[in-house]
1. Residue A:169 is checked against (1) under 21 Å from residue A:35 (Cβ atoms); (2) touching a strand residue (DSSP E or B) at 6+ places or on another chain (Cβ under 6 Å); (3) surrounded by 24 or more Cβ atoms within 10 Å (Cβ to Cβ) and fails just one. What number does that condition carry?
2. Go through A:100, A:128 for me and flag whichever is away from chain B (no Cβ under 14 Å), part of a loop (DSSP other than H, G, I, E, B) and out of contact with any helix residue (DSSP H, G or I) (no Cβ under 7 Å at 6 or more places or on another chain).
3. Quick check on residue A:297: is it in a strand (DSSP E or B) and buried (at least 24 other Cβ atoms within 10 Å of the Cβ)?
4. Please go through region A:282-296 and give me each residue that is in contact (Cβ under 8 Å) with a residue 40 or more places away in the chain and within 27 Å of the chain's Cα centre (by Cα), ordered by number.
5. Any residue that is surrounded by fewer than 24 Cβ atoms within 10 Å (Cβ to Cβ) and either within 14 Å of chain B (Cβ to nearest Cβ) or farther than 23 Å from residue A:380 by Cβ (or both) - is there at least one of those in region A:190-200?
6. From the list A:191, A:212, A:251, pick out the single residue that is under 30 Å from residue A:283 (Cα atoms), without any contact (Cβ under 8 Å) to a residue 40 or more places away in the chain and in contact with a strand residue (DSSP E or B) (Cβ under 7 Å, 6 or more places away or on another chain).
7. Return the total of residues in region A:102-125 being within 15 Å of residue A:336 (Cβ to Cβ) and more than 14 Å from the chain's Cα centre (by Cα).
8. Test each condition in (1) touching a strand residue (DSSP E or B) at 6+ places or on another chain (Cβ under 9 Å); (2) under 27 Å from residue A:162 (Cβ atoms) for residue B:76 and report the one that comes out false.
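The values are calculated or read from the model by the stated rules, or taken from the named source; none is laboratory data. Because the structure is a prediction, the values reported are computed rather than measured. Cβ: placed from backbone, ideal geometry, glycine included. Neighbour counts: every protein chain shown.
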């Protein structure tokens, strides 16, 4: 049985209203069904879908509003995920006043609760720097897997309400990926394919996620991924699989520090070899365009950092986006601000592109734009957008920008 | 009358017609929050209303947004009266606690085999029990 603090006992009694009481009940029930007798202190939290109008609806926003009015404050630094519109440029995205008003209510509740308004799936680009081994509570799949794998921080896919409860209490049920023993590799992935750019890493994750499902893969390869590569790998791995952790021999910190523990041969269920052809097949498989005319080019799932924005801006130099195409690039507002200072935002806008902050193509009410054909550099975005019934193709940033300027996908 | 003991997930007591499925159900996308009908075409409950039923299913599947879908069903008075599952996750827990839908799991048998659609079941979410009334 979990021992509650005096404050938590008051929350559970309903002294701060029904919403905080329910959050405590959820936290305790999640602990109970997972056989957990203790909570871990979290360094910080990132809250999930609660404020996304397109996902949680007014229901989520009303819940946040009531919680904020109860006088409760977030106990630990609490980062926020994307919302369902650009908080500055919502009008240019054709968002109605009513919709915006409701979305802003949620944002106001966040402010009152003390949240950090990074509004991004990549809180790391706005200051969230989990310490190696630290417990955190995240909900977004791309955020969780990157924190676990790259930083060696500890989080499950905590779900919206567990994250919110953790923000209020500063604690999380201590099970799953919070425990070292659950973080050992279970699949060995020998990558013989040559990975040339970020989208190749996305294709690799897409391919492997289907095999490993909820289990932990260990990658071994002559390729030496950088941070952006690992972000793409993790986000696609966690969209076709439900795993929230991978290791890469010689690259990610846990396996560098303790290779024999995290790559323990006796724990490996299966070894998979990946050849160039496996990845070219994925690119083919993910192309569901009905014709070569492109309506939307989408880059920024997960959100772009400033290096990627600068790369895009340099590729667009002297070029112009086709009149029939929208180019959307999503990033946190902190990155957009930097891009504005360096002139990269202006260069992208001059070419006819848009940088969307606080949101993304998956969480905006995307169906209302009636895009038929969408191309993206992100395997994760491809998975979600095709689930929404859009025709999609997936390729490198260069291929995507070529499609943006020519209006056609000829790959 | 035989009472079967499971585990309480969400409190409350409800009695009603059982609606049993052996297929996992996604509340987000799989059920229309404005009508309470299953809309997932490939699901065996497609075009069936889950409103006011004692919904018996193995588990949920799919999106984390299922929490919100359950709460919305509840706000719209279209939720099941109670839910019986084999396994429960954090997404359902949040939905049924905030949506105030009595829910139990971990019965000593597979409830999707033991119970069948049309039986009258009484779920006691406080005690984690279920009783076959008829």
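1. Unmet for residue A:169, out of (1) under 21 Å from residue A:35 (Cβ atoms); (2) touching a strand residue (DSSP E or B) at 6+ places or on another chain (Cβ under 6 Å); (3) surrounded by 24 or more Cβ atoms within 10 Å (Cβ to Cβ): (2).
2. Values: A:100 fails: part of a loop (DSSP other than H, G, I, E, B).
So the residue among A:100, A:128 that is away from chain B (no Cβ under 14 Å), part of a loop (DSSP other than H, G, I, E, B) and out of contact with any helix residue (DSSP H, G or I) (no Cβ under 7 Å at 6 or more places or on another chain) is A:128.
3. Values: in a strand (DSSP E or B): yes; buried (at least 24 other Cβ atoms within 10 Å of the Cβ): yes.
Yes.
4. Once the filter is applied, which keeps residues that are in contact (Cβ under 8 Å) with a residue 40 or more places away in the chain and within 27 Å of the chain's Cα centre (by Cα), region A:282-296 yields A:282, A:283, A:286, A:287, A:288, A:289, A:294, A:295, A:296.
5. yes
6. On the way: A:191 fails: without any contact (Cβ under 8 Å) to a residue 40 or more places away in the chain; A:251 fails: in contact with a strand residue (DSSP E or B) (Cβ under 7 Å, 6 or more places away or on another chain).
When all the criteria are applied, what remains is A:212.
7. 1
8. (1)
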